[in-house]
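If you scroll down you'll find the structure; I have some questions about it.
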Amino acid sequence: YQKAIVRNCHLPAETIDGYRVQVQANIELFEEVAAVLDHGAEGVGLYRTEYSYMNREILPSEDELFEEYRDLASILSPAKVVFRTLDLGADKFISGFGAIDERNPALGLRSIRLCLQHRDLFRSQIRAILRASLAGNTAMMYPMISGLRELREANRVLAEAKAQLRDEGIPFNEELPVGIMVELPSAVMTAELLAKEVDFFSIGTNDLIQYSLGIDRTNKHVSYLYQPLHPAILRSIKHVVDAAHQSGIEVSLCGEVASDPFCVPILMGMQIDSLSMNPQAIPGIKRIIRQTTMDECKELLRRVLECRTVTKINKLVMDSIFQRF
Ligand code: PEP
Ligand code: MG
C-alpha cells in the first residue's frame, strides 16, 4: 500500500475537479536533492540555507556557496528552487554569532535582523544566489520580515549586490523573483502593503504559530497549546492568501502545517498556490489532494471559519476525514 503511494508520487497534485496545487520540498542540505527527486516534489519551495553555515569552523566562501546553489538549481531545472536567505539565531546558531547574550533569543537578534547588522555576510550570500540564478529556475526570499521598512532595507542590500556584479561583468538574472516569508503577526497585518512590493509570499507557520499564540516552538511544557487549527492561525493564513491574490502574487505555505493531513484540505479551500514540506511527506499529501474536490475543501473551510474554538474545529476536521474513509 505504502509502495503504491510512493509509485504514484510523480502524478500532479490535482483535485478530482481539476484544481492544481504545486507540491514542493523543504530541504536543509544539498545532499537532500535525491530525496526531492525521488518523492515527486515539483522543486524546492524552501531551501534553509543556514545549515551550510552551521557545524563548521570557517564560514563558507561566496564561491563555495555559488557552486552549491548553481549545482542545486541546475540539477532541479526546470523545477524551481527558492533560496531562503540566512535564518540564523534562536534555534539555529553558527560559531561567531552564537555568543550573543539574549534573554529571549526567539525575540532577539536573529534571521533578517542579524543579516541587516552583518551586511558583508548578507551581501556575500545574496551575491552567491544571484550568480547561481541563471543556472535554473530560481527565486529568493527573506525570512522573518516584520514590515515594509525591513523589506526595503533588505532590498537595498540586494541592489548593492546587483550593482557590484554588473560592475564586475558577472551575469545574473536581473528579474530574479524576490519574496518574503510571512511568519510574524506584523507581516500578516500588513500583508496588503507587503504584497505590492514582493513577487511572492511563503507562509512560515512554524514561527507564525509561535509568535501569534505566544508559544515557544521548542518548549515541551507548552507544546499542547501549539495549535495549527486555532481560529487566529486559520484567519491569519486566509488573510495572507487573500491579500496575495488581490495583488496578483502567488502564495505558498512551507511550515509543518503543509504536511498535516488535517490542515491540507482547509488550505486547499483557501486556494493556496503551493505547499512545501519535508520530501518524505509529499507522496501522502499528494494522494490526499488527488482524492478530494475543491468544492469539498471550500465547504470545509466555510464551516471551519464559522467555529469559535479550536476544539470545535478539531472535531469538525476529524469528522470530515472519518466521513470520507
Ligand atoms: C516556518 O517558520 O514555518 C518555517 C518554515 O521556517 P523555519 O521552520 O526554518 O523557521
Ligand atoms: Mg521560520
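The values are calculated or read from the model by the stated rules, or taken from the named source; none is laboratory data. As the structure is a computational prediction, the values presented were derived from the model and not from experiment. All Cβ positions, even for glycine, are placed from backbone atoms using ideal geometry, and neighbour counts span all protein chains on display. Note: areas computed on protein heavy atoms with side chains; ligands, DNA, RNA excluded. Shrake-Rupley method; radii C 1.70, N 1.55, O 1.52, S 1.80 Å.
Considering every residue within the stretch 175-184, establish whether at least one is at pLDDT below 95 and over 16 Å from the mean Cα position of the chain (by Cα).
No, the conditions are met nowhere in the stretch 175-184.
OK, next. Would you mention how many residues in the stretch 1-22 are under 27 Å from V251 (Cβ atoms) and either open to solvent by 50 Å² or more (accessible area, probe 1.4 Å) or in contact with a Cys (Cβ under 9 Å, 6 or more places away or on another chain) (or both)?
10
While we're here: Does at least one position in the stretch 55-70 carry a residue that is surrounded by 18 or more Cβ atoms within 10 Å (Cβ to Cβ) and either within 20 Å of S202 (Cα to Cα) or under 19 Å from the mean Cα position of the chain (by Cα) (or both)?
Scanning the stretch 55-70, I find at least one residue that is surrounded by 18 or more Cβ atoms within 10 Å (Cβ to Cβ) and either within 20 Å of S202 (Cα to Cα) or under 19 Å from the mean Cα position of the chain (by Cα) (or both), so the answer is yes.
Determine which single condition D295 fails, assuming it passes every other condition in (1) assigned to a loop (DSSP other than H, G, I, E, B); (2) touching a residue at least 60 places away in the same chain (Cβ under 8 Å); (3) surrounded by fewer than 15 Cβ atoms within 10 Å (Cβ to Cβ).
Evaluating D295 over (1) assigned to a loop (DSSP other than H, G, I, E, B); (2) touching a residue at least 60 places away in the same chain (Cβ under 8 Å); (3) surrounded by fewer than 15 Cβ atoms within 10 Å (Cβ to Cβ) leaves (1) as the failure.
Tally the residues that are surrounded by fewer than 23 Cβ atoms within 10 Å (Cβ to Cβ) and either part of a helix (DSSP H, G or I) or not charged (D, E, K, R) (or both), restricting the search to the stretch 171-183.
Step one: of the stretch 171-183, the residues surrounded by fewer than 23 Cβ atoms within 10 Å (Cβ to Cβ) are 171-178.
Narrowing further to those that are either part of a helix (DSSP H, G or I) or not charged (D, E, K, R) (or both): 171-173, 176-178.
Count: 6.
Please enumerate the residues belonging to the stretch 235-257 that are away from ligand 2 (no atom under 14 Å from the Cβ), of a type outside the set (A, V, I, L, M, F, W, C) and not in a helix (DSSP H, G or I).
S247, G248, E250
Considering the stretch 198-234 alone, what residues qualify as being in a loop (DSSP other than H, G, I, E, B), more than 12 Å from ligand 1 (Cβ to nearest atom), within 17 Å of the chain's Cα centre (by Cα) and crowded, with 18+ Cβ neighbours inside 10 Å?
Answer for the stretch 198-234, where residues must be in a loop (DSSP other than H, G, I, E, B), more than 12 Å from ligand 1 (Cβ to nearest atom), within 17 Å of the chain's Cα centre (by Cα) and crowded, with 18+ Cβ neighbours inside 10 Å: just V198.
Here is a follow-up. Here is a check on your reading of the model: is L88 open to solvent by less than 50 Å² (accessible area, probe 1.4 Å) and within 16 Å of ligand 1 (Cβ to nearest atom)? Full working, then the answer.
Numbers: open to solvent by less than 50 Å² (accessible area, probe 1.4 Å): yes; within 16 Å of ligand 1 (Cβ to nearest atom): yes.
Judged against the criteria, L88 is a match.
Oh, and also: Might you check whether a residue that is more than 16 Å from ligand 2 (Cβ to nearest atom), farther than 17 Å from A232 by Cβ and either charged (D, E, K, R) or surrounded by fewer than 20 Cβ atoms within 10 Å (Cβ to Cβ) (or both) occurs anywhere in the stretch 301-308?
So the first thing to find is which residues in the stretch 301-308 are more than 16 Å from ligand 2 (Cβ to nearest atom), and the list is 301-308.
From what is left, the residues that are farther than 17 Å from A232 by Cβ are 302-303.
Subset that is either charged (D, E, K, R) or surrounded by fewer than 20 Cβ atoms within 10 Å (Cβ to Cβ) (or both): 302-303.
Checked against the condition, which is being more than 16 Å from ligand 2 (Cβ to nearest atom), farther than 17 Å from A232 by Cβ and either charged (D, E, K, R) or surrounded by fewer than 20 Cβ atoms within 10 Å (Cβ to Cβ) (or both), the stretch 301-308 yields at least one hit.
Looking at the stretch 235-257, I want the residues that are polar (S, T, N, Q) and have a partner that is more than 16 Å from ligand 2 (Cβ to nearest atom) with Cβ atoms under 6 Å, at least 6 apart or on another chain. Which pairs are those?
S247/A195; S247/K196; S252/S274
For the list (1) free of Cβ contacts under 8 Å to residues at least 24 places away in the same chain; (2) more than 16 Å from ligand 2 (Cβ to nearest atom), I need the number of the one condition that L130 fails.
Failed condition: (1).
Is it fair to say S146 is more than 16 Å from ligand 1 (Cβ to nearest atom), modelled with pLDDT of 95 or more and of a type in the set (G, A, S)?
no
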